[in-house]
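Structure, as structure tokens:
The values are calculated or read from the model by the stated rules, or taken from the named source; none is laboratory data. What you are looking at is a predicted structure, and each value in this text was computed from that prediction instead of being measured. When we count neighbours, we look across all protein chains shown, and the Cβ atoms used for this are built from the backbone with ideal geometry, even at glycine. Heads up: the accessible areas ignore ligands, DNA and RNA and are worked out on the full protein's heavy atoms, side chains in. Shrake-Rupley method; radii C 1.70, N 1.55, O 1.52, S 1.80 Å.
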Amino acid sequence: MRVETEAALDWGGVCARLAGFASTAAGRAACGEGRVPVGRSREESERLLEQTAAAALLPAPLDFGGVEDVSSVIAAAAGARLLAVREICGVGRSIRAARRVFDQLKTLSEETPDGRR
């Protein structure tokens, strides 16, 4: 039933268009592959919509520069594979970039109770 519904809604086309708005390579890949979060219940879908609406209200776009897809490196490390220095450095860059995004969000949330200036 889900496959039929996605086909009727041209889900692949929606995801492909959505990929153009993604700020990171991982986000573009997730959209392109149709891995866009969809609620499993009405409540979960409403929560996801609220998060999207909150992101749209940000006074400036978040800077995701430096965020890399390190999922394969993490999987390799979890599988006890020895990592190369460049892989470890990539993880470090991504952690620092994620911290900058977190700091941006924290600054926005401290400006006023609703995040607006």
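Quick notes on this one:
- Among the residues of this structure, Ser41 does not count as one that is open to solvent by 60 Å² or more (accessible area, probe 1.4 Å) and out of contact with any Ser or Thr (no Cβ under 8 Å at 6 or more places or on another chain).
- Just so you know, in the range 1-25 the residues that are closer than 18 Å to Val67 by Cβ and not hydrophobic (A, V, I, L, M, F, W, C) include one that is surrounded by the fewest Cβ atoms within 10 Å (Cβ to Cβ), and it is Gly20.
- Exactly one residue out of Leu49, Leu62 is surrounded by 11 or more Cβ atoms within 10 Å (Cβ to Cβ), under 24 Å from Val3 (Cβ atoms) and either touching a residue at least 24 places away in the same chain (Cβ under 8 Å) or of a type outside the set (D, E, K, R) (or both), and it is Leu49.
- Residues of the range 78-95 satisfying the condition of being open to solvent by 50 Å² or more (accessible area, probe 1.4 Å) and hydrophobic (A, V, I, L, M, F, W, C): Ala78, Ala80, Leu82, Val85, Ile88, Cys89, Ile95
Yes or no, residue by residue, for (1) part of a helix (DSSP H, G or I); (2) open to solvent by 50 Å² or more (accessible area, probe 1.4 Å):
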site	(1), (2)
Gly27	yes, no
Pro37	no, yes
Ser72	yes, yes
Ala97	yes, no
Arg100	yes, yes
Leu105	yes, yes
